[in-house]
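What follows is one structure encoded as structure tokens, with my remarks underneath.
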Amino acid sequence: DAGVTQSPTHLIKTRGQQVTLRCSPKSGHDTVSWYQQALGQGPQFIFQYYEEEERQRGNFPDRFSGHQFPNYSSELNVNALWLGDSALYLCASSLLSGGEQYFGPGTRLTVT
Amino acid sequence: QKEVEQDPGPLSVPEGAIVSLNCTYSNSAFQYFMWYRQYSRKGPELLMYTYSSGNKEDGRFTAQVDKSSKYISLFIRDSQPSDSATYLCARLSGSARQLTFGSGTQLTVLP
């Protein structure tokens with residue numbers, strides 16, 4: 001059973017560009033949450049998706065948007081990239097009914 | 001004040017030592033607390049969780065919550081080089097059951 005997978009592993013973008021990160025949840029999970037982890041910091045909650053809808057959002061601007069597909073996989077989109085968006089982006093999957101959140105290995109985004 | 005604050009470290013101990021990792025939290029209404037371990041270039045993995053107050057033990061690991069002082073701790077007995085990682089405390093809350101993490105403590109266990 002594959003766990004949570006994310007792609008790509010690494011990404012380098014220029015300020016002002018747009019980026020799309022992808023996540024496939026653990027088999028059987030229906031809920032996907034995205035977190036941003038800056039270097040030397042703990043992960044910060046961006047938002048959560050269930051049934052293709054955004055359920056909850058953390059303190060992130062509208063430049064951050066997402067999508068969930070019928071197969072429960074998810075995308076994170078960031079527009080108008082800033083240098084400060086450089087971070088490890090983590091996807092976590094779980095069941096809406098409860099239980100552990102399983103994290104993927106993350107996508108390392110560097111904005112130059 | 002951050003919701004969850006963690007001793008920044010880094011922490012370096014010899015193999016076999018007892019390790020104590022600590023966090024404080026700001027809101028006494030918080031009830032669910034987690035400890036995650038994160039190896040370099042990996043996502044966090046859940047080590048232990050506790051509900052409300054008291055101790056929970058799992059092998060070499062013990063998680064402790066002291067609600068009166070708003071203090072959460074993770075103890076590692078007989079530490080091993082394979083325990084070298086960043087340890088993150090977190091609390092669970094909200095309708096989305098989102099996690100709020102501390103900043104992490106980097107632990108190195110020297111052989």
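Filter region A:75-108 down to residues that are within 14 Å of another protein chain (Cβ to nearest Cβ), surrounded by 14 or more Cβ atoms within 10 Å (Cβ to Cβ) and not acidic (D, E), then give me how many there are. Walk me through it before giving the result.
Looking only at region A:75-108, we keep the residues that are within 14 Å of another protein chain (Cβ to nearest Cβ), and these are A:87-108.
Now narrow it down to the ones that are surrounded by 14 or more Cβ atoms within 10 Å (Cβ to Cβ): A:87-96, A:100-108.
Narrowing further to those that are not acidic (D, E): A:87-96, A:101-108.
Of the residues in that region, 18 qualify.
Identify all residues within region B:80-91 that are surrounded by 17 or more Cβ atoms within 10 Å (Cβ to Cβ) and of a type outside the set (S, T, N, Q); write none if there are none.
Step one: list which residues in region B:80-91 are surrounded by 17 or more Cβ atoms within 10 Å (Cβ to Cβ), which gives B:83-91.
B:D83, B:A85, B:Y87, B:L88, B:C89, B:A90, B:R91, listed by residue number.
Return the residues of region A:65-90 that are within 15 Å of A:L11 (Cβ to Cβ), of a type in the set (A, V, I, L, M, F, W, C) and in contact with an Asp or Glu (Cβ under 9 Å, 6 or more places away or on another chain); say none if nothing qualifies.
A:V78 - this is the single residue of region A:65-90 that is within 15 Å of A:L11 (Cβ to Cβ), of a type in the set (A, V, I, L, M, F, W, C) and in contact with an Asp or Glu (Cβ under 9 Å, 6 or more places away or on another chain).
Among the residues of region A:16-52, write down those that are of a type in the set (S, T, Y), closer than 16 Å to A:G104 by Cβ and within 13 Å of chain B (Cβ to nearest Cβ). Full working, then the answer.
At the first step, the residues of region A:16-52 found to be of a type in the set (S, T, Y) are A:20, A:24, A:27, A:31, A:33, A:35, A:49-50.
Restricting the remaining residues to those that are closer than 16 Å to A:G104 by Cβ gives A:20, A:24, A:27, A:31, A:33, A:35, A:49.
The answer is A:T31, A:S33, A:Y35, A:Y49.
Report the residue count in region B:12-45 for those that are part of a strand (DSSP E or B) and either buried (at least 16 other Cβ atoms within 10 Å of the Cβ) or basic (K, R) (or both).
Filtering region B:12-45 for residues part of a strand (DSSP E or B) gives B:12-14, B:19-25, B:32-38, B:45.
When the remaining residues are screened for being either buried (at least 16 other Cβ atoms within 10 Å of the Cβ) or basic (K, R) (or both), the result is B:13, B:19, B:21-25, B:33-38.
Total satisfying the criteria: 13.
In region B:63-79, how many residues are surrounded by fewer than 16 Cβ atoms within 10 Å (Cβ to Cβ), on the phi < 0 side of the Ramachandran plot and not small (G, A, S)?
Looking only at that region, the number is 4.
Each reported figure results from applying straightforward, stated rules to the coordinates on display, with no laboratory input. All values reported here derive from a predicted model rather than from experimental measurement. With ideal geometry, Cβ positions are generated from the backbone for all residues, glycine too; neighbour counts draw on all protein chains shown.
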